[in-house]
1. All but one of (1) buried (at least 20 other Cβ atoms within 10 Å of the Cβ); (2) in contact (Cβ under 8 Å) with a residue 60 or more places away in the chain; (3) part of a helix (DSSP H, G or I) hold for residue 80; state the number of the condition that does not hold.
2. So for the range 83-100 (the condition being assigned to a strand (DSSP E or B) and surrounded by fewer than 20 Cβ atoms within 10 Å (Cβ to Cβ)), does at least one residue qualify?
3. Kindly provide the set of residues from the range 360-380 that are part of a loop (DSSP other than H, G, I, E, B) and buried (at least 19 other Cβ atoms within 10 Å of the Cβ), ordered by number.
4. Looking at the range 128-158 only, could you name the residues that are within 16 Å of ligand 2 (Cβ to nearest atom), in a helix (DSSP H, G or I) and aliphatic (A, V, I, L, M)?
5. From the list 40, 23, which residue is part of a helix (DSSP H, G or I), closer than 17 Å to residue 89 by Cβ and open to solvent by less than 50 Å² (accessible area, probe 1.4 Å)?
6. Can you name every residue in the range 381-412 that is within 19 Å of the chain's Cα centre (by Cα) and surrounded by fewer than 22 Cβ atoms within 10 Å (Cβ to Cβ)?
7. Which of the residues belonging to the range 101-132 are small (Gly, Ala, Ser) and either surrounded by fewer than 23 Cβ atoms within 10 Å (Cβ to Cβ) or touching a Gly at 6+ places or on another chain (Cβ under 8 Å) (or both)?
8. Within the range 152-163, can one find any residue that is among the small types (Gly, Ala, Ser) and at pLDDT below 95?
Amino acid sequence: MKLEIDQQLLTAEIDALAAISDAEPPAVTRIVFTPTDLKARAWVISRCKEAGLAVRQDATGNIFARWNGADPTAPAVGTGSHIDAIPNAGKYDGVVGVLGGLEAIRALQRSGFRPKNSIELLVFATEEPTRFGIGCLGSRLLSGTLSAEGAARLKDHDGESVDEVRRKAGFNGNLQDVKLPKGYYKGFVELHIEQGPLLERAKTSLGIVKSIAAPASLRISIEGVGGHAGGVLMPDRKDALCAAAELILAVENAARSSGAADTVATVGVCDVFPGAVNSIPSQVRITLDIRDTDRARRDGVMQTIERASQTVAAKRQVSMQPEFLNADAPADCAPEVREALASSCRERGLPFLEMVSRAYHDSLFISRIAPTGMLFIPCRNGYSHRPDEYAAPEDIARGALVLAESLAKLSG
Ligand code: GLV
Ligand code: MN
Ligand code: MN
């Protein structure tokens, strides 16, 4: 089997998809179910159809593009990632796994390989938490980690529910039907940029993921007392933003003092009301992201943060209402998928690192229902979730090649 990745085509497709964005280049913003996201989805679907794949979409907007195998009733071998992008993102996060996965399938087709198990490209809907506050909505539903009722209740910033938003985007099916039947996938592999600096530092162009760290997120609503920025004297204040500031530092401290470098915590959202320069903030809502490779340690940090919120609330005479959005378990990648990836690398003389994924991915949830693995490629300086995110075309093509080889092994 002579497998060749069309690096030029793949690079051109990544650039073409990046141009479908709500941000000025090089930034990419593609929030799920916006007109821009729908345009990008249609573009990806047309590329899949051009490759002869049979396309279907489920009620939550996951896209399945299937190359039928010799035994179409046998469990499929899956690959894929996401194309939604957080505000002011780069063009590689998720996209490398979608377009790299598509090119891996086309390379297999060109080589004359005929799969026994069907090979399916899966473009997950709503991987990023930007719109509904929780990441991996599509894969949570596919894996049954989140119930249809739970998903339908989630709301975006404008108070529109998942159900309303998806129906407006043309997805009218039943959310109950999104969950995949047992044994749907024989194996699943996601190609992704590392989103960290370790491959680059090790001068190694491939990483095989052993496990995916456990993410959690939490929203805290702080209610103080507003008033005139000139009229209310300092001893009389119950400033919600000052309380939030103290809590944010406590969050940082809780992660720093967990005793492990693997613990990370971030406050990436802070909404201030009323948001006027001459008005004391009366309400603040912050959203926290806490992760660790060790679930118990991550949960311990969350408890520390909760205690800190009570202390700060009492000291500053404000109220703090925590709302837990998600607290997921970590996942181990499947030995058989790791082995398919490792032997594909070895056969081509390509060195690889075995590593932990500190970012979360849809693979975290697909691993609950199918043997799952991930292949990482380097990104410059480890940058991701920023416009200067960059992966070299040769690294992307190498990743797609190893992916193709591994899909062939799993579906042979
Ligand atoms: C995924 O985008 C993550 O935040 O890890
Ligand atoms: Mn991301
Ligand atoms: Mn991603």
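The values are calculated or read from the model by the stated rules, or taken from the named source; none is laboratory data. What you see is a predicted model; the values in this text were computed from it and never measured. Here Cβ is always computed from backbone atoms with ideal geometry, including for glycine, and neighbour counts include all displayed protein chains. Note: accessible area is taken over every heavy atom of the protein model, side chains too, but ligands, DNA and RNA are not part of it. Shrake-Rupley method; radii C 1.70, N 1.55, O 1.52, S 1.80 Å.
1. (3)
2. yes
3. Residues satisfying the conditions are 360, 361, 367, 369, 370, 371, 378, 379.
4. Within the range 128-158, just 137 meets the criteria.
5. 40
6. 382, 383, 385, 386, 387, 388, 390, listed by residue number.
7. 101, 111, 112, 118, 125 - these are the residues of the range 101-132 that are small (Gly, Ala, Ser) and either surrounded by fewer than 23 Cβ atoms within 10 Å (Cβ to Cβ) or touching a Gly at 6+ places or on another chain (Cβ under 8 Å) (or both).
8. yes
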